[in-house]
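Here's the structure, in structure tokens; my notes come after.
The values are calculated or read from the model by the stated rules, or taken from the named source; none is laboratory data. Everything quoted here is computed from the prediction, not taken from an experiment. Positions of Cβ are backbone-derived with ideal geometry, glycine not excepted, and every protein chain shown enters the neighbour counts. Ligands, DNA and RNA are excluded from the accessible area calculation, which covers all protein heavy atoms including side chains. Shrake-Rupley method; radii C 1.70, N 1.55, O 1.52, S 1.80 Å.
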Amino acid sequence: QVQLVESGGGLVQPGGSLRLSCAASGSIFVIYAMGWFRQAPGNQRELVATITSGGSTNYKDSVKGRFTISRDNAKNTVFLQMNSLKPEDTAVYYCNARLQSRRSGGENAYWGQGTQVTVSS
């Protein structure tokens, strides 16, 4: 089994900062990429940022320059530093990992349970 556990969400004022963390654990053979997605009420889940094990990153346009994704491959952990937060960033943030488990024959995607980020004055 594979588990992703997120932490770091909360309530902040506009312009504030939060750092999200996500640790993957379980029967993992190799992780190819990890990232963050978010979903606001009534909206579809959207990509926020991703990072490969080699360090290549990808960001949603609206968060570029404000958010930074990073990882600790040795600990199977990904982080999202969120600065200059805006009310529009309010959503449930979900951790995602593309990996191969020791029990599966190929690559699969796994999701965390989500952590709430609320930006409000």
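Here are the numbers for the structure shown:
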| item | result |
| --- | --- |
| Residue that is farthest from SER121 (Cα to Cα), among those in segment 9-42 that are open to solvent by 50 Å² or more (accessible area, probe 1.4 Å), outside any strand (DSSP E or B) and in contact (Cβ under 8 Å) with a residue 12 or more places away in the chain | SER17 |
| Yes/no for TYR59 being surrounded by fewer than 16 Cβ atoms within 10 Å (Cβ to Cβ) and of a type in the set (Phe, Trp, Tyr) | no |
| Those residues of segment 98-113 which are assigned to a strand (DSSP E or B) and free of Cβ contacts under 8 Å to residues at least 12 places away in the same chain, in sequence order | ASN108 |
| Any hit, segment 113-121, residues being open to solvent by 50 Å² or more (accessible area, probe 1.4 Å) and either of a type in the set (Phe, Trp, Tyr) or in contact with a Lys or Arg (Cβ under 7 Å, 6 or more places away or on another chain) (or both) | no |
| Enumeration of residues in segment 69-97 that are touching a residue at least 40 places away in the same chain (Cβ under 8 Å), surrounded by fewer than 17 Cβ atoms within 10 Å (Cβ to Cβ) and part of a strand (DSSP E or B) | GLN81 |
| Evaluation of ILE51 against (1) out of contact with any Asp or Glu (no Cβ under 9 Å at 6 or more places or on another chain); (2) open to solvent by 30 Å² or more (accessible area, probe 1.4 Å) (one fails), failing number | (2) |
